[in-house]
Amino acid sequence: MPLALRDPVAIVLGVFFCMAACGQGLADSNHPPAILPLESETVPKLIAYPPLAEPLARGVVIIQYRTEHARIMPVFGKAAVEVSPRLGHLHVTVDDWKGTWAHTSEDPIILVGLKPGTHTLLLEVADPTHKILTSTTVNFIVPEKKPTDTPHIDDGHAIKP
């Protein structure tokens, strides 16, 4: 029989020490909290890189980015604002579109179907209540697609472009 089942005192002591380690149920003004208060955390920083050249030549915009002092996660609400290290998500706006979407992972941002020409991508780090903490923009040009010199195949027959 396992020790925990034979000795109820071991169970009580285990719960007591777990609660003490997690800071639950044992308020002690002599010990600081297990997490840093958000006021003492460094302001988040957002670094976005230019689109990857090879996909951009095909009209696919892949923007890699990273954050410092904030973790990008799909977490929302007032309670999540108090979590340390800081949690957040990105608000993404393309050009002057009226719409913005929430990007909630550290995966690259991928855009397909933009018309050739100059574009601006606005990235904003927002806290779980959507308060903007920092932002950056990425400017890029989607090139015109060039006709290829390779023949097109239609029903097994080569057709010149």
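Read the figures in this text as sums done on the coordinates, not as results from a lab. On a predicted model such as this, the values are computed, not experimentally measured, just so you know. Note that each Cβ is placed from the backbone with ideal geometry, even for glycine, and that neighbours are counted across all protein chains shown.
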Set Lys98/Lys146; Lys45/Lys78; Lys45/Lys145 screened for pairs whose C-alpha atoms are more than 25 Å apart
Lys98/Lys146; Lys45/Lys145
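Per-residue counts of other Cβ atoms within 10 Å, averaged by peptide: what ranking do you get for 69-77, 136-144, highest first?
Sorting 69-77, 136-144 by mean packing, highest first, produces 69-77, 136-144.
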Residue-by-residue Karplus 3J(HN,Hα) for region 53-67, coefficients 6.51, -1.76, 1.60, Hz, glycine and proline x:
5, 4, x, 4, 4, 9, x, 9, 9, 10, 10, 8, 8, 8, 10
May I ask you to compute the full-extension gain from Thr129 to Ile110, defined as 0.36 nm times their residue separation minus their alpha-carbon distance, rounded to one decimal in nm?
4.4 nm
Could you give me the percent of Cα pairs per 10 Å distance bin for region 38-142, shortest bin first, beginning at zero and ending with the bin that holds the maximum distance?
15, 47, 27, 10, 1
